[in-house]
Amino acid sequence: MGSGQVNGARERFVRTGGVELCVAELGDAGRPTVLLVHGYPDSKEVWSEVAARLAEHFHVVLYDVRGHGRSTAPAPLRGGFTLEKLTDDFLAVADAVSPDAPVHLVGHDWGSVQAWEFTTVERTRGRIASFTSISGPSLDHFGHWIKKRMTRPTPRKVGQLLGQGAKSWYVYMLHTPVLPELAWRGPLGKQWPRLLRRVEKVPGDGYPTSSLPSDAAHGAWLYRDNVRARLRRPRPDARAHAPVQLITPTGDIFLSPQLYDELERWVPRLTRRTVAAKHWVPRTRPDQLASWIREFVISAEAPGSVPATARTEPVRKGRRADAYAQRFGGQLVLVTGAASGIGRATAFAFAEAGARVVAVDRDGEGAARTAELAGLIGAAEAWGEQTDVSDEAAMEKLAAKVAAEYGIVDVLVNNAGIGLSGSFFATTPEDWKKVLDVNLWGVIHGCRLFGAQMAGRGQGGHIVNTASAAAYQPSKALPAYATSKAAVLMLSECLRAELAGQGIGVTAVCPGFVNTDITATARFAGVDAAEEKRRQKRASRLYGLRNYPPEKVADAILHAVLTDRAVVPVTPEARGAHLMSRFTPKALRAIARVEPPL
Amino acid sequence: MSSGVGVDARLRGFRQVQALAYECAEAVAAQLTPGVTEREAARMQRVWLRERGVRDWFHLPFAWFGDRTAFVGFKVPLQFFPTNRVLEEGMPYILDMAPVFNGHTADIGYSGCLGPNPLHDKLLDDLEAHRELILAEVRERRPLREIYEDVERLMQRQGYANRHRAYPFGVIAHKVDRVKERRFNPTVFGFGTQSLKGLASDALHGHRDGWSPLWSPYRFSDHPPQPGLWAVEPHLGFRGRARSSRSCWW
């Protein structure tokens, strides 16, 4: 059996309304029940990866929706797939597997569309403890969404309507008679697994199952029986009676995120999450889904509590902060150079978003301090690690420890760096070695070790490398530093190209003049100790006068991860230089000749 | 540090007014509930102190709630004045008052939090290190400007931002002295004129002798500690939350 199958499941059949439903159970039946409902064109096997991860903690139940997988199809098909009948099926399964306690629902795609119906009709009240919705809106909410935009068509609303209208092309296709069935039982059914791998990047591991052509042919009636009726006359009372966690894949080609804009109107207790992935997240991001579902189910079991990584602080609210919390809550983030400056600010920013933070620095005390404070401002968990990024063996040890104890890193921030100023001829080979070891080799080790773990897991991630405005702004005062940072910039660009196919984004951040203590610890080549001290002080003073706070760079880093940007100049002067490097490189070269006022 | 007749009595006077100020802070803090505004909190302090015989101020009482405790986005001094910001559950607050009582001045900052907050406790703990550092370095008679820089470095190492830099002249402390008691005590921009007069006269004398009653990061503070009573307030800021404390010594 491949991993497309549900391994070790106890199977049984539940008879209801003229069909037999194939129900699979995993895990200890005494624990809270998590009921997974699949979408279209799928069978319960779409959940195999997520179910295996959840089975350690819960009683996991999956079933084939009528007409799919090993469940039988209603006869006749027309009128056999209405949401009312699907609700009957759900209640029959829930009563069979968890007669005494309400169940935690999880739905993907059409499974989520159904589950919205379950969660919003009156007769299921008390049978549902929580609902996690993935990529499937309520048809009633959708109907109201369309109506609202049609009755008051502002340009933005028309744009949203047209956008979603274009994404719903397959819905129109499925309403044609006979042709979809012929296609699914013929060429489309054969090509579908390959299409999924190519377009959706779903790993080819035994999924989809061989029942796909008949699943897809029967499932067309899901659309024909419900979509037109519900969109024309959406129920006015479709309010959820259970807490809902909405997980929105940002790269979904079938559903636009704006569909959920007014969801708070229907759901009193809503937790939002976003994940950078395409539509088939149960196959492509099982770790992330399992961890969010686990957290949500646990919080729903203890009434009155909110998911630990979705807490909102009384201070610092805002749309951006919300977006960060939705995306980074519970994710594992590793930041190097986290004992001060940009690294520390970045660790704090991720902590405020509810991430789990590993703060790495060669100053172990400072890293521990960062971790301690991160834990106080909202990090789900935080650890400090003392490691010199330029030490290959130490980095290997760290990577092994992090993977074993904390898990696979979701966001890696290679930030550790040192400053070196002085003319080329004053820079000794030792100076060169030192600056390249930290600024370049530190990044290489980080990308090599943690990037390999990310790629090996195959569930996406993001790498941020801190380059510098000096990466594209030459200067006669910074030959070694600028060289190391230019290398980091190019490394990031190459890596971005290489990892694009695996859902891993790579960003190079170019901060510019930021008020951190890199100036106070920078080496000035070719001058004596006293002069070096004086220049450090003078440089610190100038950067202090510029006073661009590292917190703003941290915000730029989070935003870059959120929007998957390639190169991010941060300060106005860094942006200006970036623009000039493209359009007037000669002017930059002229600036490069200026002696800095130190 | 300074000797002379009546030092004990004067010190007692300062201690008395400082104790009164802390008593006021605790009394007002106990009355803070969700929904109270900064203006109301400031008025509560003013009324409480007036009732107990305070007639003059070094500055009128201030109150800051939420991210205003860290002076987020403060560009002009007028932003220090209390606003209609409403206190919410879990919000940090600072009550800052400088009453003059029997001719003695105190200037204290009292920070708290509505409800339990481990971060607040942490900040208060870390503030203790600053108190020790400042006292130790003053006893060594290091130049005030250097002490200021050391305090800033310690804050940075602790992971905090220096928020007293937002005060006028970026001062961490200022000298306080006895103030003449008058029947009419007007204030200018929230500062008592008698105290400003004292500060101005100190500044004049100091300017001649090479010291300043304002303890700042600038060159005019590049001198050893001047004997007298100083109100010292290191102000820690951390991502939109802040704590400050004041201590005085002779």
Check your understanding: Would you pick out the residues in the stretch A:385-394 that are open to solvent by less than 40 Å² (accessible area, probe 1.4 Å) and touching a residue at least 24 places away in the same chain (Cβ under 8 Å)?
Key -> A:Glu385, A:Thr387, A:Val389, A:Ser390
Review point. Listed residues A:Arg53, A:Arg31; which is in a loop (DSSP other than H, G, I, E, B) and more than 14 Å from A:Ala73 (Cα to Cα)?
Key: A:Arg31
Exercise for review: Go through the residues of the stretch B:189-209 one by one and say whether even a single one is within 29 Å of A:Ala520 (Cα to Cα), away from chain A (no Cβ under 14 Å) and within 17 Å of the chain's Cα centre (by Cα).
Suggested key: no
Exercise for review: Kindly list the number of the only condition in (1) farther than 30 Å from A:Ala347 by Cα; (2) assigned to a helix (DSSP H, G or I); (3) touching a residue at least 12 places away in the same chain (Cβ under 8 Å) that fails for B:Arg165.
Suggested key: (1)
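One line per residue, one yes/no per condition, for (1) open to solvent by 50 Å² or more (accessible area, probe 1.4 Å); (2) without any contact (Cβ under 8 Å) to a residue 60 or more places away in the chain; (3) within 17 Å of A:Gly39 (Cβ to Cβ):
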position	(1), (2), (3)
A:Arg156	yes, yes, no
A:Gly165	no, yes, no
A:Pro177	yes, yes, no
A:Glu181	no, yes, no
A:Pro187	yes, yes, no
A:Arg197	yes, yes, no
A:Leu222	no, no, yes
Check your understanding: Just a yes or no: is a residue in the stretch B:70-86 in contact with a strand residue (DSSP E or B) (Cβ under 8 Å, 6 or more places away or on another chain), under 29 Å from B:Arg183 (Cβ atoms) and polar (S, T, N, Q)?
Key -> no
Review point. Quick check, is A:Gly143 under 18 Å from A:Tyr223 (Cα atoms) and touching a Pro at 6+ places or on another chain (Cβ under 9 Å)?
Key: yes
Review point. Tell me, which residue of the stretch A:566-597 that is assigned to a loop (DSSP other than H, G, I, E, B) and surrounded by fewer than 17 Cβ atoms within 10 Å (Cβ to Cβ) is nearest to the chain's Cα centre (by Cα)?
Key: A:Ala566
**Study point:** Tally of residues being more than 12 Å from chain A (Cβ to nearest Cβ) and under 28 Å from A:Ala371 (Cβ atoms) across the stretch B:137-153
**Key:** 2
Practice item. Could you check B:Ala70 against (1) surrounded by 14 or more Cβ atoms within 10 Å (Cβ to Cβ); (2) closer than 25 Å to A:Ala374 by Cα; (3) away from chain A (no Cβ under 11 Å) and say which number it fails? Key: (3)
Exercise for review: Within the stretch A:475-498, identify whether any single residue is among the hydrophobic types (A, V, I, L, M, F, W, C), free of Cβ contacts under 8 Å to residues at least 40 places away in the same chain and touching a Cys at 6+ places or on another chain (Cβ under 8 Å), and answer yes or no.
Suggested key: no
Review point. Given (1) within 14 Å of another protein chain (Cβ to nearest Cβ); (2) of a type in the set (D, E, K, R); (3) open to solvent by less than 80 Å² (accessible area, probe 1.4 Å), where does A:Glu551 come up short, assuming only one miss?
Key: (3)
Check your understanding: Among (1) away from chain B (no Cβ under 14 Å); (2) assigned to a helix (DSSP H, G or I); (3) open to solvent by 40 Å² or more (accessible area, probe 1.4 Å), which single condition is A:Ala556 missing?
Key -> (3)
Check your understanding: Which of (1) more than 14 Å from chain A (Cβ to nearest Cβ); (2) polar (S, T, N, Q); (3) not in a loop (DSSP other than H, G, I, E, B) does B:Gln226 not meet, given it meets every other one?
Key -> (3)
**Study point:** Scope the stretch A:12-69; condition in contact with an Asp or Glu (Cβ under 6 Å, 6 or more places away or on another chain), open to solvent by 10 Å² or more (accessible area, probe 1.4 Å) and of a type in the set (A, V, I, L, M, F, W, C); matching residues
**Key:** A:Phe13
Review point. So, of the residues in the stretch A:517-548 that are at pLDDT below 90 and in a loop (DSSP other than H, G, I, E, B), which turns out to be nearest to A:Pro474 (Cα to Cα)?
Key: A:Gly526
Exercise for review: Look at the stretch B:135-160 and say how many of its residues are basic (Lys, Arg), in a helix (DSSP H, G or I) and in contact (Cβ under 8 Å) with a residue 12 or more places away in the chain.
Suggested key: 1
Exercise for review: Could you grab me the full set of residues in the stretch A:56-86 that are part of a helix (DSSP H, G or I) and more than 20 Å from A:Ile134 (Cβ to Cβ)?
Suggested key: A:Glu84, A:Lys85
Exercise for review: Look through A:Ala382, A:Ala416 and report the one residue that is surrounded by 21 or more Cβ atoms within 10 Å (Cβ to Cβ) and within 14 Å of chain B (Cβ to nearest Cβ).
Suggested key: A:Ala382
**Study point:** Criterion violated by A:Glu372 - all others in (1) touching a helix residue (DSSP H, G or I) at 6+ places or on another chain (Cβ under 6 Å); (2) within 12 Å of chain B (Cβ to nearest Cβ); (3) on the phi < 0 side of the Ramachandran plot; (4) not hydroxyl-bearing (Ser, Thr, Tyr) satisfied
**Key:** (1)
**Study point:** Those residues of the stretch B:128-183 which are buried (at least 21 other Cβ atoms within 10 Å of the Cβ), touching a Ser or Thr at 6+ places or on another chain (Cβ under 7 Å) and among the hydrophobic types (A, V, I, L, M, F, W, C), in sequence order
**Key:** B:Leu144, B:Val171, B:Val176, B:Val179
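The values are calculated or read from the model by the stated rules, or taken from the named source; none is laboratory data. Given the structure is predicted, the values throughout are model-derived calculations rather than measurements. As a convention, Cβ positions derive from the backbone with ideal geometry for all residues, glycine included, and neighbour counts pool all protein chains shown. Remember, those area values only see protein heavy atoms, side chains included, never the ligands or the DNA or RNA. Shrake-Rupley method; radii C 1.70, N 1.55, O 1.52, S 1.80 Å.
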